[in-house]
Amino acid sequence: MPDRIWIARLTPTTGTSVARLLATPLGLDVWERHHDHLVVAASDDQLAELERRHLAEVERWSTREEYVRRHEQR
């Protein structure tokens, strides 16, 4: 079973920055870049690795499928 893809907000932890998150070689699909956070599409494994390394607080908003379905209904 392939990894589920999440739309998530990544907020750098203390001592980390948005630039460092962008430089992390995890292959994140960045949708939005802000001065204090990123919005990404990322797998469970990618998000877990960011959390394991204490690089970002991860707020999972929805799966990619749920996100697309909600926006198609509008």
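The values are calculated or read from the model by the stated rules, or taken from the named source; none is laboratory data. Fair warning: this is a prediction, and the values are worked out from it, not measured in the lab. A quick note on method: Cβ atoms are made from the backbone with ideal geometry, for glycine too, and the neighbour counts reach across all protein chains shown.
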Q: For the range 3-14, indicate whether the set of residues that are at pLDDT below 95 and out of contact with any strand residue (DSSP E or B) (no Cβ under 7 Å at 6 or more places or on another chain) is non-empty.
A: yes
Q: Mind listing just one residue for me: the one in the range 25-37 that is in contact (Cβ under 8 Å) with a residue 24 or more places away in the chain and either among the β-branched types (Val, Ile, Thr) or more than 11 Å from Ile7 (Cβ to Cβ) (or both) and, of those, surrounded by the fewest Cβ atoms within 10 Å (Cβ to Cβ)?
A: Asp36
Q.
Among (1) aliphatic (A, V, I, L, M); (2) touching a helix residue (DSSP H, G or I) at 6+ places or on another chain (Cβ under 7 Å); (3) within 22 Å of His71 (Cα to Cα), there is one condition Val40 misses while meeting the rest; what is its number?
A. (2)
Q | Selection count, the range 1-24, where residues are surrounded by 13 or more Cβ atoms within 10 Å (Cβ to Cβ) and of a type in the set (Gly, Ala, Ser) | A | 2
Q: Please identify the pairs in which a residue from the range 40-56 that is in contact (Cβ under 8 Å) with a residue 40 or more places away in the chain has its Cβ atom under 9 Å from the Cβ atom of a residue that is in a helix (DSSP H, G or I), counting only partners at least 6 apart or on another chain.
A: Leu50/Leu21; Leu55/Arg20; Leu55/Leu21; Leu55/Glu49; Ala56/Leu21; Ala56/Leu47; Ala56/Leu50
Q | Verdict on Thr63 being touching a Phe, Trp or Tyr at 6+ places or on another chain (Cβ under 7 Å) and under 22 Å from Asp3 (Cβ atoms) | A | yes
